[in-house]
Structure formats: C-alpha cells, structure tokens
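Below: one structure, written as structure tokens.
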Amino acid sequence: MSVTVRVPAKVNVQLAVGPARPDGYHDLANVFLAVGLYDEVTVTPADDLRVTCEGPDAGQVPLDRTNLAARAAEALAARYGRSPAVHLHIAKDIPVAGGMAGGSADGAGALLACDTLWGTGASREELLDICAELGSDVPFSLVGGAALGTGRGEQLQPLEVGGTFHWVFAMAGRGLSTPAVFREFDRLGEGTGIPAPVASRDLLDALAKGDPDALAATVSNDLQPAALSLFPELADTLAAGRAAGALTALVSGSGPTTAFLARDAQSAATVAQALAASGTCRAVRTATGPAPGATVVHVAHA
Ligand code: C5P
C-alpha cells in the first residue's frame, strides 16, 4: 500500500514579530495564506526509514533524520509504539529554504500520509500537537486556507477569505536560513521596545472581503528588513515587480522568495513575465490563494 498527500506552500500576508523570548523564539502575529504551489509526499512500507526527493531543488533537501518528513514519521510512530519503517518520497515543487514553508509542508504531509498508511486514527488535535512539536509553521501546513498564528506561530485560528488572490512568486538564487533571519532581526534591534504583536484589523477585513487592493494596502512583514540586510539584491526583485504593476511586493516569511500581489490572473501573468525578464531572480511562478491544507490525493493498494 502507498499513500500520497499533497501539501501547499504559504505566504505570510502579515508577519508581526515581537522581541526575542527567553526560549529564543519570538512571539508572532502571523497571518498565513496557503497558496497553490505543492509538495507531494508518498509513503510506502519499507525495511527502514528512508527519504528520497525529486524536483529541481532536490539536491538541497537533506535526506537524513533531520528532514521534517522523517521526524514526522518518527514522532507518530513513537506515539503509537510502532516502527517508523517507511520510505518517504517527496516530489518537491515548493522552493527550498525559501520562506514558503516547504520543509513544514513535507512534515505535515508525511504525518498525514503515515497516519493514513498505519490507520492510527489519530485525532486532528493529536496531529496538530505533533505538528507544533515539529516546527512553528507545520500546523498551518496541515490546516491550509488562511489562519492567524499566535504564540510562536503554532496556535492557529482559522480566518475567513472572501475571494481568490492572485500571486506571483520570484525564487532567489540561494536560500536563507530562518534562524539566521530571526538573529538578524534581533541584531538590527527590530524587536526592541515594541508592543506585543497583533493582527491588523484592516488586513483581516481585506481577506474576508477578498479585496486585493485593500489587502495590498495592509500587508506587512517585520522580517523584511532583516532578510534584505542579509540579501540586499532582493530589493531589486521587489522593485522590478512593483514596476511591472504588482499591487504590492514583499518578502515571503523569512525569505528570500519575494511575493507580488496582482489584481487578477492577467495582471499576475504580466508581472510574472516582467520578473522573469528582469534578471533579478532564478525562477518565477504564479499561484492563487487560499489553497487547501494537506490532503490525501492517492491511495494505492499493492
Ligand atoms: O519552529 P521552527 O523550528 O520552524 O523555528 C525555526 C527557528 O526560527 C527557531 O529555532 C528560531 O530561531 C526561529 N523562530 C523564532 N520565532 C518564531 C519561530 C521561529 O525565533 N516564532
């Protein structure tokens, strides 16, 4: 038997970051929107836990036990007192180390795939608990849609979205490490003396209305100065997208993928074409959001 799960990428339409906490994490008000770029995780029984990966960025994906997919299988197996002997195959389309929760997607995907393969019957709450142990963004990868994440981002509240948003994503020539971007945020003193992060009421209203102009006017990313400090060339990509007619341009999460909101599909195609021709990025993709969370798309009985 094998089980395949499809999991979306995310963009943060608001990422409000508080000062560093004693445990090293930062309190967030993190408004996640899942977008239609997907990884697929296929699990099959095997002699030993093993991870393989295909896709243009596959060479950058760790295949050892540090891979979130492997850690998810181990965590679920440990909870149910069984062996995590499975082959996890990742068909990767989400950029690696890109600020779009690609690693988190693989963790959530492997968890749901193993749960289905093993018939553990874990509750949604149990799966979400394991996701939160794996990483701050992993619960959202399971849930999808749109949600406000508080705490370190793992405590989710689903959000209403009243329409489809059209996005363009520009992939950078190299990755950025999330911990490094948070360290740079601290070094720049970005969190010093600021109040506790809260979600913007106007932004939540814009999402609920499905209004791209209102959303464009309210998006924000407190990690953007830190990402730009570590990767100054991203400013050129942001400028190229704005010049091509994007309603707004921002760094996605901890970056370095940049995200451009367009008014409609046609405008997204125009922005995508201009970005591809600008020479300021490695690849360009369009995608719409919200997208569904981790979903079983195929079960094969051998
Ligand atoms: O939770 P996750 O393992 O994905 O976080 C990766 C790193 O990102 C953490 O070790 C920490 O350095 C940083 N982080 C943070 N505050 C958050 C989430 C992540 O400082 N709320």
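Could you give the Stokes-Einstein D for region 22-174 in µm² per second, using the C-alpha Kirkwood radius, 10 °C, 1.306 mPa s?
Using the Kirkwood radius from Cα pairs, D works out to 99 µm²/s.
Bin all alpha-carbon pair distances of the chain at 10 Å intervals from 0 and give each bin's fraction as a whole percent.
P(r) over the chain, rounded to whole percents: 7, 29, 35, 22, 7, 0.
Pairs of alpha-carbon atoms within less than 8 angstrom and 6+ residues apart define the contacts here; what relative contact order does region 165-289 have, in percent?
Answer for region 165-289 is 42 percent.
Starting from the exponent 0.38 and prefactor 2.2 Å, build the expected Rg for region 141-221 from its residue count and divide its actual Cα Rg by it.
Expressed relative to 2.2 N^0.38 Å, the Cα Rg reads 1.29.
Rank by packing, highest mean first: peptides 148-160, 18-30, with packing defined as the count of other Cβ atoms within 10 Å averaged across residues.
Result, highest mean Cβ count within 10 Å first: 148-160, 18-30.
What ranking do 242-251, 66-75, 3-12 get when scored by the average of other Cβ atoms within 10 Å per residue, highest first?
3-12, 66-75, 242-251
Cα axis of helix 102-118 to longest principal axis of the chain: angle in degrees, 0 to 90, nearest 10?
Approximately 30 degrees, to the nearest ten.
If one takes the longest principal axis of the Cα atoms in the chain, at what angle in degrees, from 0 to 90 and to the nearest 10, does the Cα axis of helix 234-243 lie?
The helix 234-243 is inclined about 60 degrees to the chain.
Once the Cα atoms of helix 178-187 and of the chain are each reduced to a long axis, what angle between those two axes, in degrees from 0 to 90 to the nearest 10, is obtained?
40 degrees
So what is the relative contact order of the chain, in percent, for Cα pairs below 8 Å that sit 6 or more residues apart?
27 percent
Two decimals is fine: what's Rg over Rh for region 165-289, C-alpha atoms, Kirkwood radius as Rh? Provide the component values of the computation, followed by the final result.
Numbers: Rg = 14.7 Å, Rh = 15.0 Å.
Taking Rh as the inverse mean 1/r over Cα pairs, Rg/Rh reads 0.98.
Based solely on its DSSP helices, what 222 nm [θ] is calculated for the chain when runs of n ≥ 4 H residues each add -39,500 (n - 2.57) and the sum is averaged over all residues, nearest 500 deg cm²/dmol?
-10000 deg cm²/dmol
No value in this document is a laboratory result; all are computed from the given coordinates. These numbers were taken from a predicted model, which means no experiment stands behind them. Heads up, the Cβs are rebuilt from the backbone with ideal geometry, glycines too, and the neighbour counts pull from every protein chain shown.
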